[in-house]
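Readers should treat all values here as calculations from the given coordinates under stated rules, not as data from a laboratory. Computed from a prediction, not measured in an experiment: that's the story for all the values here. Here the Cβ positions follow ideal geometry from the backbone for every residue, glycine too, while neighbour counts run over all protein chains shown.
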Amino acid sequence: MSAALRSSRDLGLVLVVVVLLVISFAPLLLAGQARAAVNYPPLTGAVAGPTTVGQLTNTTYHVTAQGGPAEAENGTTVGIYDYHAYVSADNLTGLKWGPASVGVLVNNSINLTFSAGNHSESVTLAVLVTSTLNGTNATQNFTLLVAVVQPYVISTTLEAASGLAVSSFVLTVLLDGSPVGTIKVNSISADTASPISFRYVNTDLASGWHTFSISLAAEHGLVTFAGGTETFSESFYVAPPPADNTIWYVTGAVAFFGAIFIWTLRVGARRRGKSKK
């Protein structure tokens, strides 16, 4: 056999061995690449905030997310977290969830505001978060169920003293003597009136009478309520829950069927007595 033929044969054998090696190790290489492509922590997060809000109120919620391709193995953020916010409800009239429906989380979080409508219902606040790095992404939906309820509302009017303008200030609202919120009052021109209102949500108030109160003592006579007073109060009544009459219904039913059973026994006894005669 010539040297050229032997060289060609040896080259062919080498190529065959190389091809076999590639075929053998290709699955392992692909599996390794696949593992590298998905080697990131799971995407987790939450929408945190009140689960009960009043009609026509604005409430802030804190949205957080971590994990996915945008998070490195050491926990640092190396990619981007973007979000799409939307709401789900039977009646969407007046509902707002934003301020923007799409955006980017900064330092793995963002604050969004929910504006409730003028009706009571259950609303689902949803945020679809995508964690992205170099074309690889993971997506997860985070939700929070919120009840929109009828709030307790107080309204009154403030009046600036004659010839005096008053700069903006804050009033504290008390319920049964305890602070429950504040009202920011904008500046009031001299000899003018400014209406104020306060909305309060609490589904756990005890039954009975309760009183809201506001004092203007800190304004030292520069501002009064309509009528010239420095205090305002308004009371409301919380009705007790309806009585649970289940036990009486059950007792009545048992007595009714017991009476029928006794009557049946007595009628049957009379008939048996007549047949013996």
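If you rank T59, T51, T113 by fewest surrounding Cβ atoms within 10 Å, what's the result?
T51, T113, T59
Per 0.36 nm of contour for each residue apart, how much would the distance between S194 and S109 grow if the chain were fully extended, relative to their Cα-Cα spacing?
In short, 26.8 nm is gained.
If I model a spin label at K184 and A226 as a point 7 Å from the Cα along the Cα→Cβ vector, what separation in nanometres do I get?
Taking the two extended label points, one gets 2.5 nm.
Relative contact order (percent) for segment 31-120, with alpha-carbon contacts under 8 angstrom and 6 or more residues of separation?
Contact order relative to length: 32 percent.
Determine which residues of segment 195-225 fall in the zone a paramagnetic label at S120 would reach in this model, i.e. backbone nitrogen under 11 Å from the point 7 Å along Cα→Cβ.
It comes to 203, nothing else.
Compute the length gained on full extension between L92 and N39: take 0.36 nm times their separation in residues and subtract their Cα-Cα distance, giving the result in nm to one decimal.
15.0 nm
Hey, with R₀ at 45 Å, roughly what FRET efficiency would A100 and S162 work out to, going by the Cβ-Cβ distance, to 0.05?
The calculated FRET efficiency here is 0.45.
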